[in-house]
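Note sheet for the following structure.
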Amino acid sequence: MKAIVSVIGKDKKGIIAKVSGLLFEEDVNIEDISQTIMQDYFTMIMLIELKESADFAVLNDKLNKLGESIGVSITLQHEDVFNVMHRV
């Protein structure tokens, strides 16, 4: 299953390393990534692929805890959210 990870917060060293490291530990593949600095704010969007057996809620909880520990907001959204939004 695919999902979108969004990361937003004050820029600092190590954000990409910590988020991608957690995804690696959870056996999640990063299929695409876009990141930029807007003035002092770091923004990143990742398209990820989770194994069918992955527990979405557990990954979401781990990402939220990581975000709190490094001072950024991390959001995990299932691809179905975007598919439904763009249906005509």
For Glu79 the rounded accessible area (nearest 10 Å², probe 1.4 Å, non-protein molecules ignored) is 60 Å²
Could you tell me how many degrees, from 0 to 90 and to the nearest 10, lie between the Cα long axis of helix 15-25 and the main elongation axis, the longest principal axis, of the Cα atoms of the chain?
40 degrees
Once neighbouring chains are kept in place and the probe is 1.4 Å, which whole percent of the accessible area of the chain is contributed by carbon and sulfur?
54 percent
Show me, bin by bin at 10 Å from 0, the whole-percent P(r) of the chain based on Cα pairs.
17, 51, 27, 5, 0
Do me a favour and compute the ellipsoid semi-axes for the range 1-40 from its Cα gyration tensor, root of five times each eigenvalue, largest one first, whole Å.
21, 12, 7
Can you work out the base-10 log of I(q)/I(0) for the range 12-60 at q = 0.17 1/Å, using the Debye formula on its C-alpha atoms alone?
-0.56
Pairing the Cα long axis of helix 56-70 with the longest principal axis of the chain, what angle in degrees results, from 0 to 90 and rounded to the nearest 10?
10 degrees
On average, how much accessible surface per residue is there in the chain, in Å², for a 1.4 Å probe, leaving out ligands, DNA and RNA?
65 Å²
Using a 1.4 Å probe and ignoring any ligands, DNA or RNA, find the accessible area of Ser34 and quote it in Å² to the nearest 10.
80 Å²
Given contacts defined as C-alpha pairs under 8 Å and at least six residues apart, what's the relative contact order of the chain, whole-number percent?
43 percent
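The values are calculated or read from the model by the stated rules, or taken from the named source; none is laboratory data. All values derive from a computational prediction rather than experimental measurement. Ligands, DNA and RNA are stripped out before the accessible areas are found, and what is left, the full protein with its side chains, is counted by its heavy atoms. Shrake-Rupley method; radii C 1.70, N 1.55, O 1.52, S 1.80 Å.
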